[in-house]
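Working notes for the structure below.
Please treat every number below as a calculation from the coordinates, not as lab data. These numbers come from a predicted model, not from an experiment.
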Amino acid sequence: MTRSEFNTQAFLKALDRKKSDRKLNWRQVAELSGVSASTLTLMAQGQKPDVENLARLFHWSGLSADTFVGAGQGHRLFTEPFSQFTMVICSDNYLAANGRSTVVDTITGICVRLRDKLHHG
């Protein structure tokens, strides 16, 4: 049976992006999310948050837990649907419309090539 793991580092990177997008600092994130600043510091040092703090951070950020939980390295690399990726990029108002299209096309092409290499050696 494969073990599911929470990718704390990827979650922190995504939280950092949300923090930057909202022009906040970590102390403000702590106050707004209801998570202590020390918990955020411990997470940055590699400690996994408890379920209550994790729920608060997901609620504050609007991120989905599904993005950060999965079986070991590589298992989910190509299993996430491209439509989910496309939805996220296309809703990013920081990119121009043609920029969003370019990002989607580029990443899709890279993933297809990597998937082909994985399956065909």
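In the structure displayed, which of 23/48; 18/117; 13/117 lie more than 30 Å apart, Cα to Cα? Show your work: numbers first, answer last.
Values: 23/48 25 Å; 18/117 34 Å; 13/117 28 Å.
Too far apart for the 30 Å limit: 18/117.
Over 14 Å apart: what share of the alpha carbon pairs of the stretch 4-71 falls there, rounded to a whole percent? Walk me through the intermediate numbers first.
Details: 1231 of 2278 pairs.
That fraction is 54 percent.
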